[in-house]
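Structure first, then comments.
Throughout, read-outs are computed from the coordinates displayed, never taken from laboratory work. Worth saying up front: this structure is predicted, and the values here are computed from it rather than measured. Quick reminder, even Gly has a Cβ in these numbers, built from the backbone with ideal geometry, and neighbours come from all protein chains shown.
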Amino acid sequence: MPAKGELLYEGKAKRVYRTAEPDQYLVEFKDDATAFDGLKKGTITRKGEINARLSALFFQKLSRQGIPTHFIEQVGPRELLVRAVEIIPVEVVARNVAAGSLAKRLGLEEGTSLKRPVLEFYYKSDALHDPMINNYHIAALELATDTQVKEMESYAWKINTILTEFLKPANLVLVDFKLEFGLFHGHVLLADEISPDTCRFWDRTSMEKLDKDRFRRDLGGVEDAYEEVLHRVEGLPA
């Protein structure tokens, strides 16, 4: 594993380090769990290892399907070697089923399948609690260019299609998920992670929640849910 250099960033779920290669970072996944802007805190046993492994598997799948990502390789149980992207401060959320904030905002019963998927943008700002924004806000704040926004939208739609179909044999519903993108030598790449921390995964038969909502809502069985998602995804054909 590459030696960890300077700690560049520590967030709620990950640490990012420099490496000896200027174009590469080392991302270390943590077991820490937070919700509601950090008001709720805890630990999920083996979360770091599970999320690192799942992210690696999802990034590899997406790369094979033509989605450019920051992922290079998994170099440790909870460490990924990635390209040194500059994160675009716009989070993209894709929704297939009404859940969480969307259900509350629109008065929909949680679990209602949407007639068509929805994309939302959020301003990546802890101080402002990641408010929802639109294309006009992004342009006014110069968070990304119009071309970059169109690329992020295009990739998000493709990722939604790829992962929705990929997860069907695992009997998993991809309810919704958050994506982050970064710039690498001017090119937009998928970055961050894809895991039960950033996605809602439901069992297709029972509609049991197998994601971070079990922690948010004190449903219990958090560790088992994360382990179950990993077990099912690892059993899928590449």
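For the stretch 7-83, the relative contact order works out to 27 percent when only alpha carbon pairs closer than 8 Å and six or more residues apart are counted. Normalised by the number of residues in the chain, the mean separation of alpha-carbon contacts (under 8 Å, six or more apart) gives a relative contact order of 18 percent. Across the chain, the fraction of Cα-Cα pairs farther apart than 24 Å, rounded to a whole number, is 45%. Sum up the charges of everything whose Cβ sits under 14 Å from the Cβ of Phe29, counting Lys and Arg as +1 and Asp and Glu as -1, but leave Phe29 out. Computed value for this residue: +1. Fully extending the segment from Thr112 to Leu141 would add 7.0 nm, taking 0.36 nm per residue of separation and subtracting the current Cα-Cα distance. Using the Cβ-Cβ distance between Gln24 and His129 with R0 = 30 Å, the FRET efficiency computed as 1/(1 + (r/R0)^6) comes to roughly 0.40.
Summarising the amide proton neighbourhood of Thr69: residues at separation of 5 or more, or on other chains, whose placed amide H is nearer than 5 Å comprise Leu190.
For the pair the stretch 19-42 and the stretch 88-160, the centres of their Cα atoms are 22 angstrom apart. Rounded to the nearest 20, the size of the Cβ-charge dipole of the chain about its Cα centre is 460 debye, with Lys and Arg at +1 and Asp and Glu at -1. Sites listed here are GluC sites (Glu not before Pro) in the stretch 1-97 whose DSSP assignment is loop and whose Cβ has at most 15 other Cβ atoms within 10 Å: Glu6. State the number of lysine pairs found in the stretch 86-220 whose Cα atoms come within less than 17 Å, restricting to pairs 8 or more positions apart or on distinct chains. Summing the qualifying lysine pairs gives 8.
Summing Lys, Arg as +1 and Asp, Glu as -1, what charge do residues with Cβ under 11 Å from the Cβ of Glu223 carry, Glu223 excluded? Its environment carries a net charge of -1.
Using a simple spin-label model with pseudo-atoms 7 Å out from Cα toward Cβ, Glu165 and Lys104 lie 3.5 nm apart.
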